């Protein structure tokens with residue numbers, strides 16, 4: 001999932017300078033899990049902004065903020081309110097913000113209410129941990145499903161650094177070394193099947209586009 005955090009209130013209100021009528025948009029997927037794009041989050045921000053003088057014309061929470069069809073449906077149901085608005089404030093990741101702009105069909109600014117911080121996985125305790133760099137050069141098949149690029153602060157690709165002690169990371173001693181975890185998962189194999197080459201950063205190209213895989 002894509003992890004988001006609210007922008008600072010002053011930053012949001014500075015972005016809204018010059019407009020008074022604002023429509024709020026969330027995201028029913030990742031941002032709702034993070035607590036930033038849910039209906040409750042929008043209600044919270046409606047109260048904050050109205051207290052500071054803004055008029056909230058309406059709100060919606062598309063099922064998936066980065067899905068064009070989902071965003072279009074949500075906006076279509078709220079078109080009268082959108083036409084009365086001077087800006088749309090989007091509480092989702094940067095993908096949702098850009099999807100909102102692409103599918104708005106009203107010529108008003110789209111403003112982000114969140115910062116996009118990383119791609120992560122949720123734990124049984126409700127924590128969300130960074131687990132993927134979206135690098136386009138995945139090595140999980142060789143590393144027992146644990147990404148050393150994201151989970152090792154030094155990005156070690158072929159085993160632990162010399163600072164590992166009692167299975168703990170040198171940089172963050174409270175955390176298990178990811179390479180110890182990898183070797184434990186490998187079990188009797190005990191080592192990598194091949195030496196991993198340096199990351200292929202050419203796979204991170206901008207702008208980028210691929211065809212969706214339809215099953």
#### Entry: Cβ pairs under 6 Å, 6+ apart, first in the stretch 43-70 and outside the structural domain of residue 13 (by TED's automatic domain parsing) and at positive phi, second outside any loop (DSSP other than H, G, I, E, B) and surrounded by 13 or more Cβ atoms within 10 Å (Cβ to Cβ)
none
### Query
So is residue 20 within 29 Å of residue 126 (Cα to Cα), modelled with pLDDT of 95 or more and surrounded by fewer than 20 Cβ atoms within 10 Å (Cβ to Cβ) or not?
no
### Message
Being surrounded by fewer than 22 Cβ atoms within 10 Å (Cβ to Cβ), in contact (Cβ under 8 Å) with a residue 40 or more places away in the chain and within 15 Å of residue 104 (Cβ to Cβ): is that true of residue 78 here?
### Response
yes
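The values are calculated or read from the model by the stated rules, or taken from the named source; none is laboratory data. Since the model is a prediction, treat every value here as computed from it, not as a measurement. Using ideal geometry, Cβ is built from the backbone for each residue, glycine included, and neighbour counts are taken over all protein chains shown.
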